[in-house]
Each structure stands twice: as C-alpha cells, then as structure tokens.
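The structure appears right after this line, and notes come after that.
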Amino acid sequence: MLAAWAFTSVGSKGSQDDGKPGGSDPVKSITPGPGSSGPAISQQPGGRDESGDSGEDGGSGGSDGGNGDTGAGSGGAPSDGTSTGGADTGGSGTDGGSTAGRQVPAGSPLPECKPGALELTLRTKVSYGPDDRPAFDIIARNTSSVTCKADLGPKNVVLTVTEASAENDDVIWSSKDCPANPGPLFLQVPAGATVVHKVDWNRTRSTPDCATPPPGKAAPGTYLLEAKAPDTPVRRASFVLKKD
C-alpha cells in the first residue's frame, strides 16, 4: 500500500517537471527529439545541387567541334583558274619559289643566259571580267648553275594576242608594235631559280611602228596568247574576255 501511494503521488506532480522520465505526458517531454533524428537531415548536404551543376557543364567542350573545317579548300585553285602555255604544261608549278625579276643594266657583268639554260613559260588567267585588265606572266627559269641575265623586253620576248574564232591570224595586239620602253629589259635570274615578268594589256588594238590603231577595244570572246623568243619554243595560252 505504501508503494502504491508513492507512485500516485509522483504521477500527480509530473506535469510540473518535464525533465524527469516516466511523466504522465511522455509525448511532450520528448518533442525536441524527432527533429534531430528524422529523415529530413539524413541526406548529405548539397547533394542534389552538385549533381545539377555537373550536368550543366557536361557539353561545354563541344561548341568548337566544327572549326577545323573552316580552312578546307583554302589551298585550291582560283575560281577562274589560270592558263599556262609551254612545253612543260606544269610550268605554273615551277613558279613556286619565283619572285619578280630584278632589273640589271645591259652593261652588267653578268653573262647572258644561254638558250639551253633558260626555260620560258607563259601564264594568264582563264577569264577576265569586263572591267579587268588582262595580265600576262613571262616565267623564266634558269636551269644552269650560273646566275645570268635574261632579256625579257617587249621586242625580244614578243607577246601577241589574236582572236581564237578568227579565220586568219590577224594580230589584235603585239608587245613589239608600240612599247613604252622599246629597249632591252634584262632581269637577273639566279642559278636554279625562277623569276616572273608581268605584262599588262589595256585591251586596245595595236599597229606596228605606233601607227594609229583601229578605234575601240577588244570585244568579248576567246583569245589566243603567244610568246616568241629567240632560240626558244613558242609558248601559247588562251583566255576569255567576258561580256558581263
């Protein structure tokens, strides 16, 4: 009976001492507990945010994947091409290390290039627009082991232009008819090297000895270009003057 009285006495005062275990209201006495042990904090901090960041960076390296193709075809031939004439039809390739020839005086101590040592090639573009000025390249290659000088002047290496469709060989223009500088034009050609001499044509007709040429300029069409030099095979090429 004494034990039962003591238990009853303690239970009647439990609401005033929440810190003692075994009180009549155990739910209230352990209210703070579930917050520290519940599933809300069982996950590692920041776990989902980190997985999302890694996904955002996954394809960042692929944006430049096609840049390697931007240079494709950059080494190709010009769209209008070139026309090269000569026994060596690949003569345009010999121009890989060529430069504009350096002019030297006629009295230069350099020996003149021997015919057998000098190879000439003729080159021009395949076509020219109505506002383009045709340009012809005389390419001289020294096959010897001695540096020499070559006369590429308008009267020694004679360029002529004729109409391809004409039944006769009437010359439309010739470099020897009325050149601005009729004298020799000696260029130094180093041993084993190639030099280029460029000649422009303003599309006007020419007549020998600077006589008055026919009026007008060359009409649109296909033309033949020819180069003649002493002791050298004739070189030929063709080009087109476009209408528009």
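The values are calculated or read from the model by the stated rules, or taken from the named source; none is laboratory data. Predicted model, so just to flag it, every value in this text is computed and none were measured. When we count neighbours, we look across all protein chains shown, and the Cβ atoms used for this are built from the backbone with ideal geometry, even at glycine. The protein model used for the area step is the full one, side chains on, heavy atoms only, and it has no ligands, DNA or RNA in it. Shrake-Rupley method; radii C 1.70, N 1.55, O 1.52, S 1.80 Å.
Odds and ends about this structure:
- FRET efficiency for the V158 to A180 pair, using the beta carbon distance and R₀ = 22 Å, is estimated at 0.90.
- Positive minus negative residues near V157 (Lys, Arg vs Asp, Glu; Cβ under 10 Å): +3
- Stretching the chain fully between D231 and T82 yields a gain of 51.1 nm (0.36 nm per residue, less the alpha carbon separation).
- Per-peptide packing, taken as the mean over residues of other Cβ atoms within 10 Å, places 217-223, 162-168, 184-190 in the sequence 184-190, 217-223, 162-168 from highest down.
- Relative intensity, log₁₀ I(q)/I(0), of the range 167-244 from a Debye sum that treats every alpha carbon as a point, q = 0.11, 0.21 Å⁻¹: -0.39, -1.24
- Measuring between alpha carbons in the structure, the pairs from K149/K217; K125/K149; K155/K243; K114/K242; K149/K243 lying more than 29 angstrom apart are K149/K217; K155/K243; K114/K242; K149/K243.
- When nucleic acids and ligands are ignored and a 1.4 Å probe is applied, K114 ends up with an accessible area of around 150 Å².
- Simple label model, 7 Å out from Cα along Cβ direction - N202 to A100, nm: 2.0 nm
- Sequence-separation-based contact order of the range 87-244, relative, with Cα cut under 8 Å and 6+ spacing, percent: 31 percent
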